[in-house]
1. Is at least one residue of region 236-245 at pLDDT 90 or above, aromatic (Phe, Trp, Tyr) and in a helix (DSSP H, G or I)?
2. If PRO130 passes every condition in (1) modelled with pLDDT under 95; (2) surrounded by 23 or more Cβ atoms within 10 Å (Cβ to Cβ) but one, which one does it miss?
3. If I filter region 217-227 for residues that are touching a Ser or Thr at 6+ places or on another chain (Cβ under 8 Å), farther than 30 Å from ARG116 by Cβ and touching a residue at least 24 places away in the same chain (Cβ under 8 Å), do I get at least one hit?
4. Is there a residue in region 180-197 that is within 30 Å of GLY253 (Cβ to Cβ) and exposed (fewer than 15 other Cβ atoms within 10 Å of the Cβ)?
5. Picking from LEU125, LEU92, which residue would you name as being under 17 Å from the mean Cα position of the chain (by Cα) and modelled with pLDDT of 95 or more?
6. Residue by residue through region 186-210, note down the ones that are within 27 Å of THR257 (Cα to Cα) and either in contact with a helix residue (DSSP H, G or I) (Cβ under 6 Å, 6 or more places away or on another chain) or polar (S, T, N, Q) (or both).
7. Can you pull out the residues in region 145-204 that are aromatic (Phe, Trp, Tyr) and farther than 19 Å from LEU216 by Cα?
8. What do you reckon, is ASP177 assigned to a helix (DSSP H, G or I) and either surrounded by fewer than 16 Cβ atoms within 10 Å (Cβ to Cβ) or touching a residue at least 24 places away in the same chain (Cβ under 8 Å) (or both)?
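The values are calculated or read from the model by the stated rules, or taken from the named source; none is laboratory data. Quick caveat, the model's predicted, so the values are computed rather than measured. Cβ sites come from the backbone with ideal geometry, for glycine too, and all protein chains shown count toward neighbours.
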Amino acid sequence: MDKAMLGGGSPDVRDRQHWPKAIVGYAVDYERGHSTGWHHHDRDQLVHGERGVMAVRTDDGAWIVPAGYAVWVPAGVVHEVRAASAAAMRTLYLRRDAGVPVGARCRVVGVPSLVRELIAKVVTLPREYPEAGPEARLVAVLADELAELPSAPLDLPLPRDRRALAVAEQLIADPADGRELADWGRDVGASGRTLARLFQAETGLSFGRWRQRRRLLAALERLAAGDPVTGVALDLGYASPSAFIAMFRRTLGAPPTRYLKAPTAAEGPAA
């Protein structure tokens, strides 16, 4: 994508890129299905949802952000944020001198209760506040906590090879497709062994784990929209709801119904 043709979000968001403080907050509520459109920012961004589920997409992958989690989006990365359910986004924009190592790629992190409360305070701060006042001390504590946020298994990296990417894109469109790699290979012009090697080398996940991750992310979106667990499990290709619930609990540390209701879901997931 040509970044010169893209915007930096809404006027309020663009304005905040030029606020004088190193860490700036912004609060906005989205209706289900709302999309920000493709855009990028001059600052690093922490996309955090106080309520609901959001999906972040870039050219390199996709990330699901339930309540209790957030995704780091480095400065300059072209991305789209979409509300998979009604969502309350409480986001941060950070200059590189904020002292928080964001990294070069998007990644999902857990947001424990302390950080969630600090973010809720920071998004209410005005453009200017005293450098030696309580507001500045609060932001300094937040910066220290942001640097320690634990990674979470809610990303979906995309392979670069056109054959493996063709398989990935079809599974993004239809995560319930249960074909094995040999079958996919006949469609895209590569052997099953070649596709297996490409998925592992270019996404860091085996094909089986990549497909399971895709189904998990699809499940989170549908569960957030209110779909019943049994229907989600069967529609996504699981043999039974119990098999789906076991996978969900193993990956995220709680069964689906309790996980989506818990305001502190990020405090105990499997990494």
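1. Yes, because at least one residue in region 236-245 is at pLDDT 90 or above, aromatic (Phe, Trp, Tyr) and in a helix (DSSP H, G or I).
2. Tallying (1) modelled with pLDDT under 95; (2) surrounded by 23 or more Cβ atoms within 10 Å (Cβ to Cβ), PRO130 fails exactly one: (2).
3. no
4. Scanning region 180-197 turns up at least one residue that is within 30 Å of GLY253 (Cβ to Cβ) and exposed (fewer than 15 other Cβ atoms within 10 Å of the Cβ).
5. LEU92
6. TRP210
7. Filtering region 145-204 down to residues aromatic (Phe, Trp, Tyr) leaves 184, 199.
Within region 145-204, just TRP184 meets the criteria.
8. Numbers: assigned to a helix (DSSP H, G or I): no; either surrounded by fewer than 16 Cβ atoms within 10 Å (Cβ to Cβ) or touching a residue at least 24 places away in the same chain (Cβ under 8 Å) (or both): yes.
When the stated conditions are applied, ASP177 does not pass them.
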